[in-house]
Amino acid sequence: MDCQVTTPRIESIATRGILASNDGSPGHDRSPAKANHVNFDEKVDESKEKRERFLTAKYGSHQMSLIRKRLSVEMWMYDRLQDLYGCTDDTQTHDVDLDLDELLDLDDDISRKRFLRDLLSDAKKTPEAVSKFIEELLERTKIL
């Protein structure tokens, strides 16, 4: 958007009919000093029209720390589940829907272990590997 301040000359005002007409129209008695005005040339750039706007939230440092901890536990859990179910690349995936909130809502570690053992009963790795995963996961959830 261009912004220009223009100071018209008397002859340019007269050629536009402002000073030349004496029919009572507004501005016929304006002096050149009062005729200053600002012209806005709206040149809309196509790239600005296409630009999307996103609403972002700013979190405090403590809240961001909690989010990072939670994300690190979830990423670790996803990688370990891929390993437990023998997924070798990103095209393969496990069918386990393990929700950390649901796990954390259980009362104690015994019920959490039982919940995880039932959920991971069809893992392709050994029961010892599953038990190790459960112990590590319960240890990591304590920092949340």
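Could you grab the pairs with beta carbons closer than 8 Å, sequence gap of 6+ or different chains, first residue in region 64-90 and modelled with pLDDT under 95, second one of a type in the set (Ser, Thr, Tyr)?
Ile67/Tyr59; Gln82/Thr93; Cys87/Thr93
Can you tell me which of (1) under 15 Å from Phe133 (Cα atoms); (2) surrounded by 14 or more Cβ atoms within 10 Å (Cβ to Cβ) is the one Gly86 doesn't meet?
Condition (2) is where Gly86 drops out.
Can Tyr59 be described as over 30 Å from Ile134 (Cα atoms), modelled with pLDDT of 80 or more and open to solvent by 70 Å² or more (accessible area, probe 1.4 Å)?
yes
So Val96 fits all but one of (1) among the aliphatic types (A, V, I, L, M); (2) open to solvent by less than 50 Å² (accessible area, probe 1.4 Å); (3) without any contact (Cβ under 8 Å) to a residue 12 or more places away in the chain; what number is the exception?
(3)
In region 104-144, what residues are among the hydrophobic types (A, V, I, L, M, F, W, C) and within 20 Å of Asp83 (Cα to Cα)? I'd like the intermediate steps shown before the answer.
Of the residues in region 104-144, the ones among the hydrophobic types (A, V, I, L, M, F, W, C) are 104, 106, 110, 115-116, 119-120, 123, 129-130, 133-134, 137-138, 143-144.
Within region 104-144, Phe115, Leu116, Leu119, Leu120, Ala123, Ala129, Val130, Phe133, Ile134, Leu137, Leu138 meet the criteria.
Only one of Ile134, Ile110 is open to solvent by 90 Å² or more (accessible area, probe 1.4 Å), aliphatic (A, V, I, L, M) and not in a loop (DSSP other than H, G, I, E, B); which?
Step by step, each of Ile134, Ile110 is checked, and only Ile110 is open to solvent by 90 Å² or more (accessible area, probe 1.4 Å), aliphatic (A, V, I, L, M) and not in a loop (DSSP other than H, G, I, E, B).
The values are calculated or read from the model by the stated rules, or taken from the named source; none is laboratory data. What you are looking at is a predicted structure, and each value in this text was computed from that prediction instead of being measured. Cβ: placed from backbone, ideal geometry, glycine included. Neighbour counts: every protein chain shown. Accessible surface is based on the protein model in full, side chains and every heavy atom, while ligands, DNA and RNA are left aside. Shrake-Rupley method; radii C 1.70, N 1.55, O 1.52, S 1.80 Å.
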